[in-house]
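Structure first, then comments.
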Amino acid sequence: AQTVTQSQPEMSVQEAETVTLSCTYDTSESDYYLFWYKQPPSRQMILVIRQEAYKQQNATENRFSVNFQKAAKSFSLKISDSQLGDAAMYFCAYRSDIIQGAQKLVFGQGTRLTINP
Amino acid sequence: DVKVTQSSRYLVKRTGEKVFLECVQDMDHENMFWYRQDPGLGLRLIYFSYDVKMKEKGDIPEGYSVSREKKERFSLILESASTNQTSMYLCASSLRDRGYYNEQFFGPGTRLTVL
């Protein structure tokens, strides 16, 4: 079974600075997808960024980028120019590339990010 | 916009009560999921469904059951609520598609307290 580990329960950063959230995973599969989800306080969880395992190029979405290291099974999220609205719980998630079934997500424990003004 | 709604944001029940949590999505998604979220544990999958009347156990199904009679609605049932089921419950839905752009969309969550 796949597992996802986020070793940083809490992180904080000064507004406008850069912060990196860590995620490692364990799998024997070669094809899969990785995601970062954001859960703002009292608001719905939303997708921040996604990565396909067979793509070596790191995904980027505006101020959010990932560092995907397949051999090391590492998938970190970098937030540049941090803004107050980035304060949230961030979850790393894994999905197998399977044909049938419901394509379940396996989540990490989460990292609570605080932005200091 | 995809919309996933849950019947209650906050719910307080007593030990032994039967509890129903309802989830509705409006985007014709095949897949629906129920998770519970606890501090330090992240989201854990309780049950999921990839079609009407189909259900499969997730990682922590004990003490829960589900029902999916219509494509848009997925209900989580606590047959006899216990205090260790106090948690945040999140519903999600997605297309039945293995592709890159398939993502799960989440509801706002129901914070259940069992006294």
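Projecting label points 7 angstrom from Cα along Cα→Cβ for residue A:31 and residue A:74 puts them 2.7 nm apart.
Counting only DSSP beta bridges whose two residues both lie in the protein assembly as shown, roughly 90 percent are antiparallel. Evaluated at q = 0.10 Å⁻¹, the base-10 log of the normalised Debye intensity for the protein assembly as shown, with identical point scatterers placed on the Cα atoms, takes the values -0.46.
Which residues does a label at residue B:28 reach in the range B:72-101, if reach means a backbone N under 14 Å from a point 7 Å past the Cα toward the Cβ? So the set is B:72, B:95-96. Taking all protein chains into account, the per residue accessible area for chain B stands at 49 Å² (1.4 Å probe). Most fluctuating residue of B:44, B:14, B:36 in a GNM of chain B with Cα springs under 10 Å: which is it? Residue with maximal mean-square fluctuation among B:44, B:14, B:36: B:14.
Counting protein heavy atoms only, the protein assembly as shown has 47 percent of its accessible area on carbon and sulfur, 1.4 angstrom probe. Working from label points 7 Å from Cα in the Cα-to-Cβ sense, the residue B:82 to residue B:96 distance is 3.4 nm. Across the range A:3-116, the convex hull enclosing all Cα atoms gives 100 Å³ per residue.
Once both labels are positioned 7 Å from their Cα atoms along Cα-to-Cβ, the gap between residue A:43 and residue B:13 label points is 3.0 nm.
Across chain A, the longest piece that holds none of the GluC sites (Glu not before Pro) lying in DSSP loops with up to 13 other C-beta atoms within 10 Å covers A:30-117.
So what does log10 I(q)/I(0) come out to for the range B:1-104 at q = 0.17, 0.22 Å⁻¹, using the Debye formula with one equal point on every Cα and no solvent? Normalising to I(0) and taking log10 leaves -0.76, -1.24.
The values are calculated or read from the model by the stated rules, or taken from the named source; none is laboratory data. Here the structure is a predicted model, which is why all the values come from computation and not from measurement. No Cβ is skipped: glycine too gets one built from the backbone with ideal geometry, and neighbour counts run over all protein chains shown. Only protein heavy atoms, including side chains, enter the accessible area calculation; ligands, DNA and RNA are left aside. Shrake-Rupley method; radii C 1.70, N 1.55, O 1.52, S 1.80 Å.
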